[in-house]
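Right, one structure below, let's go through it.
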Amino acid sequence: MGERIYRTEALILRRSDAGEADRVMLLATPGGKRRVVARGVRKTTSKLAGHLELFTRVGLLLAIGRTFDVITQSEIRDSYATLRAELPRLSCAYYAAELYDCFSQEDDEHPEIYALLAQTFTALDRSANPDLALRWYELRLLHLTGYRPQLHYCIVCQEALTEAASRFSPSLGGVLCPEHESADRAALTMSGPAFRLLRYLQSQPLAVVESLRLSPAVRSEAESLLRAYLRRLLERDLRSVAFLDEAMRIE
Ligand SMILES: [Zn+2]
C-alpha cells in the first residue's frame, strides 16, 4: 500500500507548537486553506526547520494523514525578507493573512485568491506604499468572495453615482446617491478624494495603484471606510488590527 503524497505551493500564515517537537501550520494554497503538520520541526536536527518560516512562499511535498497532512519536504520559493524584517510590513502581512483566514474555507479550491495573496505579499515586501497594496488587496478579496462594495451605482436606486455622492453605507454595502443619503442614517461621510481612491483601487491593477501619490488623510480615510465595511461583514475587528495600527504609526 503506497503512501499517498502530493505537491503544492503554499504561503505559511500561522504556526503553532504541537506535541513534543511538532508544529501545526495554517497554509494558503491554490487548493484552499489548509492545516498541516510538520513533525519534529522544533528539534535542532530537523532538516525541514529552516524551510518553514512564517510568511514565506514554499513548495511542499505532503503525505496525506488522518487528521493533518504531513509535510515531508519543503523548498523556499520566496522568503519575502523585507516583509519579515520590517515591523510595519510584517504587521500588514499578519493582517492580510488573518483576512484571508476569515474569508476562505478549508480545502475550498480557489487559485485566484491564492494568487492574490501571493501577489499581495510580494507587494508588501517590495512596495513603497504597503498601505495602498493592503487596500487594493481588501477590495480584490471582497470582489473574489462575493462582497464587492458597490461604488458605481447607488445602493438604493441603482442610478449611476456622480462625484456628488458623499455617503458610504457599511451595512448596505455601498455608496448612496445624494437623494438616498437618509436610507442609512449610520452611513459614513466620504470625501471626494477618498471616493475616487476607492473606485480606483477597485478597478486598477496593483502596479498602477502602488504608484499613486496621495495625502495621508485620504489614505487614512479610505482605510477607515473599508475597515467599517469589513467590521460590518465580520461582526468584529480582526485581532491583527491593533498591531497594524501600532506598527504603521511608528513608520
Ligand atoms: Zn439613490
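Every number in this text was worked out from the coordinates using simple rules, so none of it is lab data. Bear in mind the structure is a predicted one, so any value in this text is a computation, not a measurement. Here the Cβ positions follow ideal geometry from the backbone for every residue, glycine too, while neighbour counts run over all protein chains shown.
In Å, what Rg and Dmax follow from the Cα atoms of segment 5-79?
Expressed in Å, the Cα Rg and Dmax of segment 5-79 come to 11.0, 31.
More than 25 Å apart: what percent of Cα pairs in segment 1-131 qualify?
Of all Cα-Cα pairs in segment 1-131, 23 percent lie more than 25 Å apart.
Helix-derived [θ] at 222 nm for the chain: sum -39500 (n - 2.57) over DSSP H runs of at least 4, divide by residue count, nearest 500?
On the way: 8 runs with 100 residues, N = 251.
-12500 deg cm²/dmol, from helical runs alone.
Grab the eigenvalues of the alpha-carbon gyration tensor for the chain, scale each by 5, take roots, and send me the semi-axes largest first in whole angstrom.
38, 19, 15
Using the Karplus curve 6.51 cos²θ - 1.76 cosθ + 1.60 with θ = phi - 60°, work out ³J(HN,Hα) for each residue of segment 106-111 in order, rounded to whole Hz, and write x for Gly and Pro.
With the stated coefficients, segment 106-111 comes to 5, 6, 9, 4, 7, x Hz.
With +1 on each Lys and Arg Cβ and -1 on each Asp and Glu Cβ, how big is the dipole of the chain about its Cα centre, in debye rounded to the nearest 20?
Numbers: 33 positive and 33 negative charges, 106 e Å.
Computed charge dipole of the chain: roughly 500 debye.
How do 6, 80, 94 rank when sorted from fewest to most other Cβ atoms within 10 Å of their own Cβ?
So the residues, fewest neighbours to most, are 6, 94, 80.
Using the Karplus curve 6.51 cos²θ - 1.76 cosθ + 1.60 with θ = phi - 60°, what ³J(HN,Hα) values do you get for each residue of segment 139-145, in whole Hz, with x for Gly and Pro?
So the J values, rounded to whole Hz, are 5, 5, 5, 4, 4, 5, 9.
Most exposed first by the Cβ proxy, i.e. fewest other Cβ within 10 Å, how do 8, 82 rank?
82, 8
Restricting things to alpha carbons, tell me how big segment 57-145 is in terms of Rg and Dmax, in Å.
Gyration radius and largest Cα-Cα distance of segment 57-145: 14.2, 44 Å.
Cα centroids of segment 197-240 and segment 114-180: how far apart, whole angstrom?
If you average the Cα positions of each part, the centres end up 7 Å apart.
Could you list 103, 55, 168 in order of exposure, starting from the residue whose Cβ has the fewest other Cβ atoms within 10 Å?
With the fewest neighbours first, 103, 55, 168 line up as 103, 55, 168.
So how many Å³ per residue does the convex hull of the Cα atoms of segment 126-237 work out to? Kindly include the intermediate steps, with their values, before the conclusion.
On the way: hull volume 11.6 nm³, N = 112.
With only Cα atoms used, segment 126-237 gives 103 Å³ per residue.
Dipole magnitude of segment 5-79 about its Cα centre, charges +1 at Lys/Arg Cβ and -1 at Asp/Glu Cβ only, in debye to the nearest 20?
140
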